[in-house]
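Inspection log for the structure reproduced underneath, given as structure tokens.
The values are calculated or read from the model by the stated rules, or taken from the named source; none is laboratory data. As the structure is a computational prediction, the values presented were derived from the model and not from experiment. When we count neighbours, we look across all protein chains shown, and the Cβ atoms used for this are built from the backbone with ideal geometry, even at glycine. Heavy atoms of the whole protein, side chains included, go into the accessibility calculation; ligands, DNA and RNA do not. Shrake-Rupley method; radii C 1.70, N 1.55, O 1.52, S 1.80 Å.
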Amino acid sequence: MDRSKAGRHVLALAAWLGWALPAAAQSDSLGKALDTAQQAQRSAVASQQRVDQLDDQTRALLERYRAATWQSQQLNVYAQQLNELLAQQVTEIQSLRAQLADLDRAGEDLMPLMLRMTDSLAQFVSLDLPFLGDERRERLANLKRALGDPQVNAGEKFRRILEAYQVEIDYGRALGVERVEIGPETVDMLRVGRVALYALAPDGSRPRIWNAASKQWDALPRGDAAAIREGLKMARELTAANLLQLPVPAARSAP
């Protein structure tokens with residue numbers, strides 16, 4: 001190869017190298033620029049995500065604040081209602097205390113009357129026909145215990161006295177039956193209100209009537225046994241109420 005051609009080759013290689021070196025430098029700069037742009041974009045996305053997250057947190061905090069504010073208002077209204085209710089209850093308690101004081105004073109005034117009523121009832125039971133003795137004596141004993149109990153107020157004591165009187169009144173309006181002992185014998189006793197007491201042996205024999213004057217049982221004719229049996233059925237509600245043809249004890253003359 002002659003020198004002229006060799007020189008041209010050298011010049012061409014030099015020219016190519018001169019072009020290639022700036023192009024590589026430009027490629028590196030472009031890559032760095034792209035990396036920078038991508039990093040900036042990622043940073044922007046991350047920043048936007050943080051902003052969105054903060055915005056969600058802000059909305060959640062705002063909702064919690066609104067809920068807390070509403071709850072506080074409701075609690076204030078409820079507290080006001082409780083204060084009004086408390087004031088009403090305080091007034092009612094004061095009124096009840098005044099009424100109780102008046103009732104206690106009234107109870108002290110009523111006590112002599114209640115004692116007299118109880119004594120009269122006890123005397124009436126002792127002089128009455130001899131029926132339901134254990135039940136009636138127990139009722140009177142409970143009544144006397146209540147009268148002596150300071151824990152029982154006057155109103156309750158008076159109510160129990162009236163209740164005992166009502167029970168005794170009801171005895172005079174109905175038929176009654178119970179199993180009693182006459183000497184060694186167990187009999188069925190028929191009570192016709194407070195008019196009379198009749199007794200009949202379990203086998204339906206030996207009809208008797210209570211004699212209030214002599215405080216003993218008198219024998220009746222055997223023909224009265226059927227009427228007494230019918231009365232016992234009526235008292236036990238085994239048959240419908242009907243008329244009974246029974247002898248009635250003579251009225252006692254006043255002393």
In the stretch 230-246, what residues are part of a loop (DSSP other than H, G, I, E, B) and within 44 Å of the chain's Cα centre (by Cα)? 236, 237, 238, 239, 240, 241
Tell me, yes or no, whether the stretch 205-215 has at least one residue that is more than 14 Å from residue 129 (Cβ to Cβ) and within 50 Å of the chain's Cα centre (by Cα). no
Give me the residue from the stretch 153-173 that is in contact (Cβ under 8 Å) with a residue 40 or more places away in the chain and over 17 Å from residue 109 (Cα atoms) and, out of that set, most open to solvent (accessible area, probe 1.4 Å). 165
Name the residues in the stretch 192-240 that are closer than 17 Å to residue 171 by Cβ and loosely packed, with under 14 Cβ neighbours inside 10 Å, would you? 193, 195, 236, 237
For residue 138, are the conditions met, namely being open to solvent by 90 Å² or more (accessible area, probe 1.4 Å) and at pLDDT 95 or above? yes
